[in-house]
Amino acid sequence: MIFMKLCIYTFIAVLLFTGNSFSAINKSTTGDTLQASELSPYGRFLFNDQKHVELISSASHFGFHFRGKECQVFAYLNDNNAHNYLQYELDGVYQKRVRIEGNNKQPIEIAASADDEHTVWIYKATEAHSGPIFIEKIIGKSLQAIGRPRAPLIEFIGNSITCGAAADPSEVPCGAGSYHDQHNAYYACGPRVARALSTNFIVSGVSGIGIYRTWNMDGPSMPQVYEKSDFQLESKRLWKFENYKPDVVSIALGTNDLSRGDGKHGRLPFDSAMFVSGYIKFVQQVKSKYISAQIALLSSAVVLNKDREILQNCLFAVKTNIDALYPNDKPVALYFFKPMQARGCTGHPNVEDHAILANELIPFFKKLIE
């Protein structure tokens, strides 16, 4: 009898230990070190040969609990001459961005005011093209990794606005430093919407990118890089789309296709037929990865005047064609932003503007996930 009970207890323990990492179960570590391999990140990420987490996409994130007044997060870059940014939330309150230097191996100190149990969420502040950030381990007391919450999932596909690029000059002024010094993915409108609706989210954005060209060159386009884990055209690392099943896929592209360019590279006038054709093919590409996802097409708040009307007409044409091609699927949802005079760097929305955009979008996405 004792032997049978031991077998039953062992079997139950094994089931709990090997539970689905996509569940909301908190996973405890056995000591004061939580290894990266025990984390359940959200967004585009990979594990390297050392089983460290490579955070790739904007706002890729993971959560954990600790007890006490402090813990340490060990993060590093693969380029000694580079720098990058994480940002974090402590007990539901956003704290700050943390600059990581490529040649500095010092851990990130997270301090709490009370000697109690705390919840931390770590986010990558920058986009994939700013380079990856690696997480090795976390040291603290009573550490528990937080599993992915059971909630609807929204994927936000887009450009620099979707990434939260050029939005936060609070530490490095506009025009100074590197391009990613003003990135703040946490406060981008997509993650804001997701937090307001208590949904999970992924940000798949690339600065300067469009449906058939970039803001100043003929490519690469989003359809060309979307299937690469790091959105790099020459990358051999393909993204495993089976990792997630979004309920809604939001696509906000067109701002850069309509751009007049930089005055240095040759630039043909905007081709609406090429744009609509390319957009239809891209929606089909997305639908081939996520068969049951609701597709939502967003306009651009910073595309103004005649271009605004052109973009809206193009998006309506895309919707009409997709709905005809997939009559049994949910109709494509459209959202047209109110015009905005953006106040961030180089004509981008700043963090306050992103709050305005998010407030516009919350009722729209709320209907889509109900």
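Things worth noting here:
- Chain lengthening between Gln285 and Ile369 when straightened (0.36 nm per residue, less Cα-Cα): 28.1 nm
- Note on Lys245 and Glu117: their simple-model spin labels are 3.1 nm apart, each label 7 Å out from Cα toward Cβ.
- FRET efficiency, 1/(1 + (r/R0)^6) with R0 22 Å, evaluated for Arg237 and Asn81 via beta carbons: 0.45
- Note on the chain: semi-axes of the ellipsoid equivalent to its C-alpha gyration tensor, largest first and rounded to whole Å, are 37, 25, 18.
- Entry note, the chain: the mean residue ellipticity at 222 nm calculated from DSSP H runs of n ≥ 4, each adding -39500 (n - 2.57), is -8000 deg cm²/dmol after division by the residues and rounding to the nearest 500.
- Distance (nanometres) between label positions extended 7 Å along Cα→Cβ at Asp49 and Lys264: 3.7 nm
- Among Val93, Val351, Val332: highest mean-square fluctuation, GNM of the chain, C-alpha pairs under 10 Å: Val93
- Kirkwood-based shape ratio for region 242-342, expressed as Rg/Rh from alpha carbons: 1.00
- Calculated FRET efficiency for the pair Asn104/Lys141, C-beta based, R₀ 30 Å, to 0.05: 0.75
- Neighbourhood charge, 15 Å Cβ-Cβ cut-off, centred on Arg97 and excluding it, Lys, Arg +1 and Asp, Glu -1: -4
- Region 219-370, relative contact order in percent, only Cα pairs under 8 angstrom and at least six apart counted: 22 percent
- Summary value for region 179-291: 24 percent relative contact order, contacts being C-alpha pairs under 8 angstrom separated by 6+ residues.
- Top of Met340, Met274, Met217 by mean-square fluctuation, Gaussian network on the chain, Cα under 10 Å: Met274
- Taking all Cα pairs closer than 8 Å and separated by 6 or more residues, the relative contact order of the chain comes to 16 percent.
- Rolling a 1.4 angstrom probe over the protein heavy atoms with all chains in place gives the chain an accessible area of 47 Å² per residue.
- In this simple spin-label approximation, Lys338 and Ala151 carry label points 7 Å from Cα along the Cα→Cβ vector, and these lie 2.6 nm apart.
The values are calculated or read from the model by the stated rules, or taken from the named source; none is laboratory data. These numbers were taken from a predicted model, which means no experiment stands behind them. Methodologically, a virtual Cβ is constructed for each residue, glycine included, from the backbone with ideal geometry; neighbour enumeration extends over all protein chains shown. Side chains are part of the model used for accessible areas, which takes the heavy atoms of the whole protein and leaves out ligands, DNA and RNA. Shrake-Rupley method; radii C 1.70, N 1.55, O 1.52, S 1.80 Å.
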